[in-house]
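Only one structure is covered here, and it is reproduced in the block below.
The values are calculated or read from the model by the stated rules, or taken from the named source; none is laboratory data. Here the structure is a predicted model, which is why all the values come from computation and not from measurement. Cβ: placed from backbone, ideal geometry, glycine included. Neighbour counts: every protein chain shown. We work out accessible area using only protein heavy atoms, side chains counted, and drop any ligands, DNA or RNA first. Shrake-Rupley method; radii C 1.70, N 1.55, O 1.52, S 1.80 Å.
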Amino acid sequence: MIRKQNKSSVRVRFAPSPTGYLHIGSIRTALFNYLFAKHNDGKFLLRIEDTDTERSSKKMIENILESLKWLGLNYDEKIVYQSGNIEKHKQAADKLLEEGKAYRCFCTKEELQKDKLKTASENRYYKYSGRCRSLTDEQIKKKLEKGEIFSIRFKTPEGITKFKDKVYKSISVNNSEIDDFIIVRSDGSPTYNFAVVVDDSDMEITHVIRGEDHLSNTPKQILIYLALHRSVPKFAHVPLITDPEKKRLSKRTGAVSVKEYRKMGFTQEGLINGLVHLGWGTGQNKTIFTIKELIKNFELNHVSKKRAVFDYEKIKWINGKYISSMSAKKLFPLVVENWKKNSLITDEKIISNKKRLLAIIDLLKSRMRLIPDFSILGKYFFVSPEKYEEDAVQKHWTKEKVEFLLERLIIEYTNTKDFNLKTSEEIVRRIASENKVKAAVLIHALRLAITGFSISPNIFDVLILIGKQEVIQRIKSSLKYGEENGIFI
Ligand code: GLU
């Protein structure tokens with residue numbers, strides 16, 4: 001029954017339920033599907049599983065579409081809305097009824113509840129008793145005439161259901177462990193296990209790639225495929241994501257929406273690189289891939305069944321690696337938007353200052369992990385420091401001669417006609433050497449005066465981008481601060 005595929009016939013789907021925001025786990029599933037499809041020149045389809053009308057919402061559908069778009073996980077063909085397929089589900093259920101592969105179950109909620117309580121009191125797992133399996137046509141007719149409501153149950157056959165999962169390898173389940181499960185509820189709505197089979201089959205899905213939590217549903221779904229005489233797709237279940245303590249990911253440990261990650265300042269490809277390593281790896285010592293490289297390298301046999309650990313710090317680090325690999329030009333719109341948001345720059349300044357802004361981005365990018373870092377850690381390019389790092393003040397401004405050295409620097413910088421990368425550094429080194437202190441003493445003191453921080457990119461690059469007058473002004477302010485607070489010795 002397993003369909004033979006040639007490379008280009010690969011069709012996969014991402015099938016989110018719009019009952020919540022698209023979070024990290026589901027987006028990783030979407031990503032794996034996308035990469036697998038593109039690797040095989042196949043199609044990546046989107047199906048919105050919106051049959052739970054009470055819990056599904058338009059807002060969530062919008063969130064799903066927005067998130068996929070932002071990540072560049074573009075789907076092929078038209079979106080399939082599961083709610084539009086209800087008629088097809090019903091027809092398929094009727095076919096199973098006709099062929100005696102499913103039956104109507106008239107058990108009431110109360111009866112089923114009683115059965116459940118009984119099995120619980122006997123310490124057994126609950127399994128539907130099969131009470132309605134053997135109703136005669138006559139009995140069914142009577143019940144229908146009386147208007148009794150019914151659900152439709154699948155008549156699970158005897159035997160063993162086996163399949164080869166691309167990640168979990170050989171799985172075998174004795175059908176005696178599967179009860180006659182409901183495929184259509186008494187209100188006429190199909191259950192997940194049934195709708196998913198009819199839809200996947202209608203959409204000619206060749207590979208079902210989804211979360212490990214669906215592994216236990218797969219035998220039921222295979223039984224339905226077989227009963228409906230439809231081709232069984234291949235399956236790949238990807239491991240669940242846990243937090244570093246191996247617990248289920250919670251909001252606190254990172255299970256928030258893609259939108260939140262975007263707001264936090266992740267870049268599209270940075271987040272993709274962070275997510276793809278959750279369960280997948282080439283074994284190469286390489287962390288940052290372009291989307292093209294990911295497509296080229298993505299194979300399901302590189303997906304591990306070990307639970308993937310989500311570590312926020314690591315994913316931030318990966319995003320930082322990605323930021324530093326991006327060109328300033330590509331980063332420009334993202335960073336400028338953030339600077340604007342933080343009132344560090346206005347629209348007019350962006351146009352007239354583009355060259356300088358690109359140089360600032362280039363200088364900062366290797367140290368940034370999230371886009372807002374460009375505002376937090378690069379604020380001094382736009383405004384003089386409001387405060388100085390306290391530890392650094394104690395460390396760098398309390399050294400002997402610092403006050404005098406900074407005063408000398410003001411004089412020398414003021415007098416120099418040509419303030420550039422070379423001269424600004426030469427002056428610092430000369431003053432230090434004339435006063436018999438290490439150049440680092442003055443460099444650290446100067447960095448703190450200019451940026452407010454103990455760490456920054458090469459300070460002379462920074463000075464040039466800030467400009468001579470402002471540099472002198474900031475050194476004066478630091479002297480004032482040092483004197484007022486009795487820092488200098
Ligand atoms: N709507 C289901 C989910 O979000 C789809 C599962 C599947 O891919 O079969 O979990």
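Exactly one of these conditions fails for Ser83: (1) open to solvent by less than 20 Å² (accessible area, probe 1.4 Å); (2) part of a helix (DSSP H, G or I); (3) touching a residue at least 24 places away in the same chain (Cβ under 8 Å); (4) among the hydroxyl-bearing types (Ser, Thr, Tyr). Give me its number. Ser83 satisfies every listed condition except (1). Counting the residues of the range 376-407 that are open to solvent by less than 70 Å² (accessible area, probe 1.4 Å) and either assigned to a helix (DSSP H, G or I) or among the polar types (S, T, N, Q) (or both) gives 11. If you go through the range 239-249 and keep only what is in contact with a Phe, Trp or Tyr (Cβ under 6 Å, 6 or more places away or on another chain) and either within 23 Å of Val208 (Cα to Cα) or surrounded by fewer than 16 Cβ atoms within 10 Å (Cβ to Cβ) (or both), you end up with just Ile241. Residues of the range 216-238 that are open to solvent by 10 Å² or more (accessible area, probe 1.4 Å), among the small types (Gly, Ala, Ser) and within 15 Å of the ligand (Cβ to nearest atom): Ser216 alone. Check the range 90-97 and report whether any residue there is in a helix (DSSP H, G or I), open to solvent by 70 Å² or more (accessible area, probe 1.4 Å) and in contact with a strand residue (DSSP E or B) (Cβ under 8 Å, 6 or more places away or on another chain). Yes, because at least one residue in the range 90-97 is in a helix (DSSP H, G or I), open to solvent by 70 Å² or more (accessible area, probe 1.4 Å) and in contact with a strand residue (DSSP E or B) (Cβ under 8 Å, 6 or more places away or on another chain). Might you check whether a residue that is open to solvent by less than 80 Å² (accessible area, probe 1.4 Å), in contact with a Phe, Trp or Tyr (Cβ under 8 Å, 6 or more places away or on another chain) and in a strand (DSSP E or B) occurs anywhere in the range 115-126? So far as the range 115-126 goes, no, none of its residues is open to solvent by less than 80 Å² (accessible area, probe 1.4 Å), in contact with a Phe, Trp or Tyr (Cβ under 8 Å, 6 or more places away or on another chain) and in a strand (DSSP E or B).
For the range 172-198, name all the residues that are farther than 15 Å from Gln82 by Cβ, more than 16 Å from the ligand (Cβ to nearest atom) and not hydroxyl-bearing (Ser, Thr, Tyr).
If the condition is that a residue be farther than 15 Å from Gln82 by Cβ, more than 16 Å from the ligand (Cβ to nearest atom) and not hydroxyl-bearing (Ser, Thr, Tyr), then Val173, Asn174, Asn175, Glu177, Ile178, Asp179, Asp180, Ile182, Asp187 are the ones that fit.
Any residue that is among the aromatic types (Phe, Trp, Tyr), at pLDDT 95 or above and open to solvent by 40 Å² or more (accessible area, probe 1.4 Å) - is there at least one of those in the range 59-74? Taking every residue of the range 59-74 in turn, at least one turns out to be among the aromatic types (Phe, Trp, Tyr), at pLDDT 95 or above and open to solvent by 40 Å² or more (accessible area, probe 1.4 Å). Name the single residue, out of those in the range 199-215 being within 12 Å of the ligand (Cβ to nearest atom) and part of a helix (DSSP H, G or I), that is most open to solvent (accessible area, probe 1.4 Å). In this case the residue turns out to be Asp213. So for the range 312-324 (the condition being surrounded by fewer than 16 Cβ atoms within 10 Å (Cβ to Cβ) and outside any helix (DSSP H, G or I)), does at least one residue qualify? Checking the range 312-324: not a single residue is surrounded by fewer than 16 Cβ atoms within 10 Å (Cβ to Cβ) and outside any helix (DSSP H, G or I). What about Ile64, is it in contact with a Phe, Trp or Tyr (Cβ under 6 Å, 6 or more places away or on another chain), within 13 Å of the ligand (Cβ to nearest atom) and within 24 Å of Lys259 (Cβ to Cβ)? Considered against the rule, which asks whether it is in contact with a Phe, Trp or Tyr (Cβ under 6 Å, 6 or more places away or on another chain), within 13 Å of the ligand (Cβ to nearest atom) and within 24 Å of Lys259 (Cβ to Cβ), Ile64 comes out as no.
Is it true that Lys162 is surrounded by fewer than 17 Cβ atoms within 10 Å (Cβ to Cβ), more than 32 Å from the chain's Cα centre (by Cα) and not in a helix (DSSP H, G or I)? Break it down into steps so the answer makes sense when it comes.
Values: surrounded by fewer than 17 Cβ atoms within 10 Å (Cβ to Cβ): yes; more than 32 Å from the chain's Cα centre (by Cα): yes; not in a helix (DSSP H, G or I): yes.
When the stated conditions are applied, Lys162 passes them.
Sub-7 Å Cβ pairs linking a first residue in the range 18-29 that is within 17 Å of Arg262 (Cβ to Cβ) and open to solvent by less than 10 Å² (accessible area, probe 1.4 Å) to a second residue that is hydrophobic (A, V, I, L, M, F, W, C) and within 11 Å of the ligand (Cβ to nearest atom), at least 6 apart or interchain, are Leu22/Ile64, ordered by first then second residue. Within the range 38-55, restricting attention to residues that are open to solvent by less than 80 Å² (accessible area, probe 1.4 Å) and more than 21 Å from the chain's Cα centre (by Cα), the residue that is farthest from the ligand (Cβ to nearest atom) is Asn40.
Taking the stated definitions as given, is Ile345 surrounded by 13 or more Cβ atoms within 10 Å (Cβ to Cβ), among the hydrophobic types (A, V, I, L, M, F, W, C), out of contact with any Pro (no Cβ under 7 Å at 6 or more places or on another chain) and within 27 Å of Ala37 (Cα to Cα)? So Ile345 does not fit the description; no.
For Ser454, which of the numbered conditions (1) in a helix (DSSP H, G or I); (2) surrounded by fewer than 17 Cβ atoms within 10 Å (Cβ to Cβ) fails to hold? It fails just one condition, (1).
So is Leu358 open to solvent by less than 30 Å² (accessible area, probe 1.4 Å), in contact (Cβ under 8 Å) with a residue 12 or more places away in the chain and under 30 Å from Met264 (Cβ atoms) or not? No, not satisfied.
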